[in-house]
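Notes follow the structure.
The values are calculated or read from the model by the stated rules, or taken from the named source; none is laboratory data. What you see is a predicted model; the values in this text were computed from it and never measured. Neighbour counts are summed over all protein chains in view; Cβ atoms, including those assigned to glycine, are modelled from backbone coordinates with ideal geometry. We work out accessible area using only protein heavy atoms, side chains counted, and drop any ligands, DNA or RNA first. Shrake-Rupley method; radii C 1.70, N 1.55, O 1.52, S 1.80 Å.
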Amino acid sequence: MPRRNGVRSGLAMLGPVLRLAAGSGTDAGSGAGGQCQNRAADSLRHLLQSQRRPDTVRVQRLHALVLQLAATDAPQAIRLSHQALRLSQQLADSADIGRSLLWLSILHRRLPNYDSARYYTQLAQQLYARRHDRPREARACLELSLINAQQANLTAALRWGLRGLRLAEQTTDKAVRTQLRAIIGDTYSKLGDYASAEPMLRRALRDGRRLGDEQVEAAALNSLGSLYQAQGNWPEALRYFRRAVAVCRRMGDMQNQLANEIGLAEVYTQQGQPGRALLHGRRARTLVGTTNDDFNRPSVELLLARAFLGLSQPDSALVLATHARQLSQQTRSNGHLATATELLAEAYAARGNYLAAYQQQRLFAAYQDTLAGEATQRKTSALRYGYELDQKQTQIALLTKTRQLQAQESARQRLQLYGLLAGLAGLVLVAGLLWRNVYLKQRTNHRLNVKNAQIARQRDDLTRTLADLTRALADLKAAQNQLIQREKMASLGELTAGIAHEIQNPLNFVNNFSEVSTELVEEFMDGPWQQLPEAEKAYATELLATLTENLQKITQHGHRADSIVKGMLQHSRASAGIFETTDLNTLVAEHLTLAYQLFRAKNPAFAATLLPDFSPQLPALRVVPQDIGRVLLNVFANAFYALAQCPPGAALKLEVHTSLLAQHVQIRICDNGPGMDEITRRKALQPFFTTKPPGEGTGLGLSLSYDVVVQGHGGTFSLRSQPGAGTEVIVRLPR
């Protein structure tokens, strides 16, 4: 007994699979999965509201939210798909435009609204065809085939399915090929071409299992059950429908479980077991209410109507069949219309209303002619023949091309062989001449190589000698410079010491006599001044005040000159001048502590934070420790003096860093004092220049430090400073 409800089938289960064509996952589930999807939907809504940048990321989030809402809120999902489509068109992103169009098609098909679904799918198919995007065009053909199959437009369904399969076979998309085979096999089954349907469906079932695609597996099982149902093989039909139900339950897919419950109910009805058919029909009706499946609602009502007819309850059958036909007219589902009309004819006949039964029977015959007439069979046969012919022609073209290439390759190889043989004879002759020339050249080259080796040895010896002489000359110049510097320092020290000693004696007399004169003035004020007449006291007082002031200035400048002399004597002390292997970190640390303690002894209220940073990689250096120590004391003393000029309450810091460079060892001393302007910085290294007030500096510290580092040790001494940004002194000594 052929199946009359030719719309409900495995195709109903391929709807979720087409979500892959829209670039998303699978259908929404229920239960805990539904809760997870609700949380995912809320998260996506929050992202879309908080991040409104119009870019491809927003389009992807809109598509993801459509996936979450497709099974529960189709109108909202459609609105979101339109937003995604508009934004994709603004961005001129053809991939997202096509994906949005396919989503709109899927959602409208499931409402069902087939005209809108077909419109959006055709737009997507035309877009992909213009871009020569075969994989996505094949997916659009898959959706068009599914829409026509659900409306029982079997010719159009088969045409789009075969077109999509030809495109998919030119790509690596196995999933779409498998889905298309499932649709084509189901369409063959509805057309009664069981010989073509069964191998197509079994291959789809096998490939779906290999791909792990349970949706395709369930669809193929459902279609095979329908095929055996149409052939009257009830045990096989029941077995495949039950296997399909098990797969759907494992996936938690109630919508596709519904399609298989309908199939089981139909088989039991055809076996004459209306009670069991009614049991499965009621399960299907419960699933329809749970999933809001308007597409399969007519199928459920029709199978319940047939079960009530089997139970001799024609009134219930009339109500259900009439409502099912009204729903089918709204969706223009020709298969449901035919089945509803047939059931109405049987119900009227069971009630004895033969005139109404005759009218319904005539309508049923018209529907049957439309669905399975001779013209439809011819069209589908032509389509199948065209598809097979295309495959054969493609194979023939490939074989012809292969043979042409083989013939061209053989001719080319023969020409190459003749050319090689002709050239081989010439090569033999040329080879003899070349061998003679090579032999002569080798003998000549051997002699030249011997001469070149001798010249190279002599050149290397000369190069080494020149290098040794260059190094010796450099060492001699360095020793000469150091010797000259030592002589200069020694001569300067002797000269300075002599001058200082000569100046010190008269300077002592000046200081002593100024102090004695001051004491005499004080004695005069205490004694004879009291005995002067009042008229002379005022004049004498004025003279004595002027004399006292002059003596104080003489004393002040005398002490200043004495400080300069003592500084000259201190700097004129001759060091040992012997270079010793010295640990520079230890030398710097010791003189930093010594300089701080000396400055604190003169300025008890002074306090600063010392921040030493010594590199552990410093090698031992050959330096004159006394000279480098004197340099460090001078630099540290100047830094502490600069810090002492800062406002009260300021955080005073002195950083001392040592580091290893490629050719030098560096000492970097930084303070956060008031700094110097550019003019003062340029004069800082000149002898006798100082920024300290009278009596506090000689102006020789930095000048002599520069000479010790640069002339005495071959290093560099640099000074960096800006007003308000502190001062940095960098001393570099050669390694």
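Overview of results
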{"item": "The range 136-207 - Rg and Dmax from Cα coordinates, angstrom", "result": "11.0, 31"}
{"item": "Leading residue at positive end of dipole, the range 592-686 (Cβ point charges), from Phe636, Leu618, Cys646", "result": "Phe636"}
{"item": "Kirkwood-type radius of the range 583-735, with distances r between different C-alpha atoms, in Å", "result": "15.8 Å"}
{"item": "Gained length - Ile455 relative to Glu519, 0.36 nm times residue gap less alpha-carbon distance", "result": "13.8 nm"}
{"item": "Spatially proximal aspartates and glutamates relative to Lys477 (Cα-Cα < 18 Å; intrachain offsets below 8 disregarded)", "result": "Asp468, Glu487, Asp707"}
{"item": "Solvent exposure, largest accessible area first (probe 1.4 Å, DNA, RNA and ligands not counted), of Ser116, Ser312", "result": "Ser312, Ser116"}
{"item": "The range 38-95 and the range 193-260: distance between their alpha carbon centers, rounded to Å", "result": "34 Å"}
